[in-house]
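Contents: one structure, followed by commentary.
The values are calculated or read from the model by the stated rules, or taken from the named source; none is laboratory data. Quick caveat, the model's predicted, so the values are computed rather than measured. Cβ sites come from the backbone with ideal geometry, for glycine too, and all protein chains shown count toward neighbours.
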Amino acid sequence: MRKILLATYCLLCLNACSDKPYAFEGTYHLTEGEQCTLDVNAEKDDAPVMEIIAHGQGKSKFYVAKIPVGAAMGLPTSSNGNSSPTEKNELNFSFSQEGKTGFFGGKPSIDMTVTVVPHESKKDFIWLKKWDATATHNGMIKHLSLLQEMQKGDAKASDKGICLSKKV
């Protein structure tokens with residue numbers, strides 16, 4: 001029995017040490033809390049919070065992101081450029097939207113940064129760690145953490161951020 005336990009332990013250690021990168025690509029939906037509980041009241045076809053698309057293979061693999069829910073809020077929906085995982089296995093995306101000025105109004109310029117990391121113990125889950133936005137309009141600048149705003153609202157979050165589940 002001890003040999004089986006020792007062999008299992010060694011196998012787990014080897015898997016933990018493997019350098020296989022996390023597969024970020026997928027469509028992600030909102031979950032609740034530290035346990036990343038799926039909302040039983042949510043419709044199966046609810047709008048995804050984020051979509052991460054992979055390009056390339058191996059060490060030359062990079063990612064772009066889309067935030068479909070951003071369109072309803074007047075935010076940019078597609079990331080600028082490419083993102084590769086950092087040493088901490090984070091993906092950092094930047095988004096921007098050009099503003100428009102007009103005599104009686106206009107639309108603000110918006111810059112956003114979004115950071116996601118894999119969940120440490122749950123496969124096909126990521127943490128949305130950061131979602132900050134800066135809006136500029138008519139010389140006024142406003143900084144906002146959309147993540148904190150989501151946490152104040154209906155999104156049940158943890159101190160790690162908001163947990164997102166990959167739709168498989």
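Under 9 Å between Cβ atoms, which residue pairs at least 6 apart in sequence (or on different chains) link something in the stretch 148-168 that is of a type in the set (S, T, Y) with a partner that is part of a strand (DSSP E or B)?
Final answer for the pair search is S158/W127; S165/Y28; S165/H29; S165/L30; S165/F125; S165/I126.
If you go through the stretch 120-165 one residue at a time, how many are farther than 16 Å from Q35 by Cα and in a strand (DSSP E or B)?
Looking only at that region, the number is 14.
If you scan the stretch 148-168, which residues turn out to be surrounded by 16 or more Cβ atoms within 10 Å (Cβ to Cβ) and under 13 Å from V117 (Cβ atoms)?
G161, I162, C163, L164
May I ask you to verify whether E87 is farther than 25 Å from G33 by Cα, among the acidic types (D, E), at pLDDT 90 or above and not in a strand (DSSP E or B)? Walk me through how you get there before you give the answer.
Values: farther than 25 Å from G33 by Cα: yes; among the acidic types (D, E): yes; at pLDDT 90 or above: yes; not in a strand (DSSP E or B): yes.
Considered against the rule, which asks whether it is farther than 25 Å from G33 by Cα, among the acidic types (D, E), at pLDDT 90 or above and not in a strand (DSSP E or B), E87 comes out as yes.
Select from the stretch 93-119 the residues that are among the polar types (S, T, N, Q) and farther than 30 Å from T37 by Cα and write down the one among them that is farthest from the chain's Cα centre (by Cα).
Result: T101.
Would you point out which residue out of V116, V64 is at pLDDT 90 or above and in contact with a His (Cβ under 8 Å, 6 or more places away or on another chain)?
V64
I want to confirm something. Restricting to the stretch 130-158 and keeping residues that are of a type in the set (D, E) and at pLDDT 80 or above, which single residue is nearest to S94 (Cα to Cα)?
D132
Just one of the numbered conditions (1) touching a Ser or Thr at 6+ places or on another chain (Cβ under 8 Å); (2) of a type in the set (A, V, I, L, M); (3) crowded, with 19+ Cβ neighbours inside 10 Å is not true of A71; which one?
Failed condition: (3).
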